[in-house]
Amino acid sequence: ARASAVADASGPGATRDGHRVPLLANIGGPQDVEAALAHGAEGVGLYRTEFLFLDRTEPPGDAEQEEAYRAVLEAFPEGKVVVRTLDAGADKPLAFLPPPSDEPNPALGERGLRMARRHPEILAAQLAALARASAGQGATLQVMAPMVTEAAEAARFAADCRAAGLDHPGVMVEVPAAALRARDLAGEVEFFSVGTNDLTQYAYAADRQVGGLAHLQDPWQPAVLDLVAMAADAGVPCGVCGEAAGDPVLACVLVGIGVTSLSMSAPSLPLVRAALARHSLEECREAAAAARAARSASGAHGAARASLPGLE
Ligand code: PEP
Ligand code: MG
């Protein structure tokens with residue numbers, strides 16, 4: 001079954017009845033574009049820009065940033081490319097931007113967009129480089145911020161984007177407060193992208209770097225599914241770019257919840273495309289309802305599998 005699922009996996013993402021779900025790639029830079037294209041990515045749903053900033057004592061120069069962004073945009077002349085601004089701190093420590101040394105809990109500290117309060121020049125340089133890189137490109141550039149928690153942060157980020165000439169600001173929903181108040185955030189930005197890795201970590205107070213808590217750090221947890229539903233119901237397009245999107249069964253459930261695009265590491269794309277193609281939107285909705293009615297992660301997983309026969 002696995003081989004035939006791969007064989008019929010081509011073309012744009014859609015359910016069996018033709019409900020479109022763009023299937024996008026998570027990348028860390030231009031070096032990942034080839035694999036994304038080879039696996040049929042329709043665009044990039046998460047460009048993790050921190051890799052540009054790793055192993056350095058100073059931020060990359062303006063021209064270097066611009067070049068790295070342009071190379072990715074050029075690879076998808078008819079697609080969209082969602083670039084995430086620098087997500088430094090916690091599980092992504094950067095040498096040139098050490099967090100305040102008195103932070104006892106870096107995952108709850110000045111990470112992600114919060115860093116821009118102390119270092120606004122880094123965000124400004126990144127947005128300017130993105131604006132220059134997107135000039136004259138066919139690809140649609142969307143820029144989003146990580147670790148956004150409240151509407152005021154989303155509003156300020158959107159204003160910064162627009163001031164830089166970037167017209168499609170969005171935010172990641174990866175903190176429970178952002179999901180719970182998704183309607184407030186939706187009033188400020190054009191789209192959401194749910195980061196299920198962090199959303200699960202923060203919903204279950206289970207550090208994603210602590211292996212012993214893997215049973216809690218599970219995106220099948222019903223509370224995570226409920227939080228995703230809140231984001232998906234807020235009135236703006238809502239993708240998922242956490243690891244959950246690359247699980248074929250969970251991908252169907254997310255579509256049933258109302259998620260509008262899925263972004264994953266490139267090798268996961270063919271199986272997710274095949275899983276969607278085998279099920280109607282209504283079947284995905286039924287699987288989502290069955291999963292959310294469960295009382296545990298394993299119960300949700302089992303209920304979804306039973307509801308979507310033919311998937312592992
Ligand atoms: C996430 O948190 O789910 C996510 C996609 O971002 P990262 O894994 O880079 O924190
Ligand atoms: Mg994250």
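Read the figures in this text as sums done on the coordinates, not as results from a lab. The structure presented is a predicted model; accordingly, all values stated were derived computationally and were not measured. Note: ideal-geometry Cβ built from the backbone for every residue, glycine included; neighbour counts use all protein chains shown.
A few points about this structure:
- Candidates per chymotrypsin sites (Phe, Trp or Tyr not before Pro) in segment 11-118, loop by DSSP, up to 15 other Cβ within 10 Å: 96
- Its residue count N fixes a reference of 2.2 N^0.38 Å for segment 58-130, and the Cα radius of gyration divided by that reference is 1.26.
- Across the chain, Cα-Cα distances exceeding 25 Å account for 47% of all pairs.
- R0 of 25 Å, Cβ-Cβ distance residue 108-residue 54: FRET efficiency to nearest 0.05: 0.65
- Contour excess over end-to-end distance, with Cα ends at residue 95 and residue 118 and 0.36 nm allotted per residue: 6.7 nm
- Net length gained if the chain between residue 64 and residue 190 were fully extended (0.36 nm per residue, minus Cα distance): 42.6 nm
- Full-extension gain in nm, residue 282 to residue 213, via 0.36 nm per residue minus C-alpha separation: 21.4 nm
- The phi-based Karplus calculation (6.51 cos²θ - 1.76 cosθ + 1.60; θ = phi - 60°) puts the 3J(HN,Hα) values of segment 58-74 at 9, x, x, x, 4, 5, 5, 4, 4, 5, 5, 6, 5, 4, 6, 4, 5 Hz, whole numbers, x for Gly and Pro.
- When 168, 301 are arranged by Cβ crowding within 10 Å, least crowded first, meaning fewest neighbours, the order is 168, 301.
- The loop-placed trypsin sites (Lys or Arg not before Pro) in segment 221-312, going by DSSP, that have at most 16 neighbouring Cβ atoms within 10 Å of their Cβ come out as 295.
- FRET efficiency for the pair residue 226 and residue 19, taken as 1/(1 + (r/R0)^6) with r the Cβ-Cβ distance and R0 = 25 Å, rounds to 0.65.
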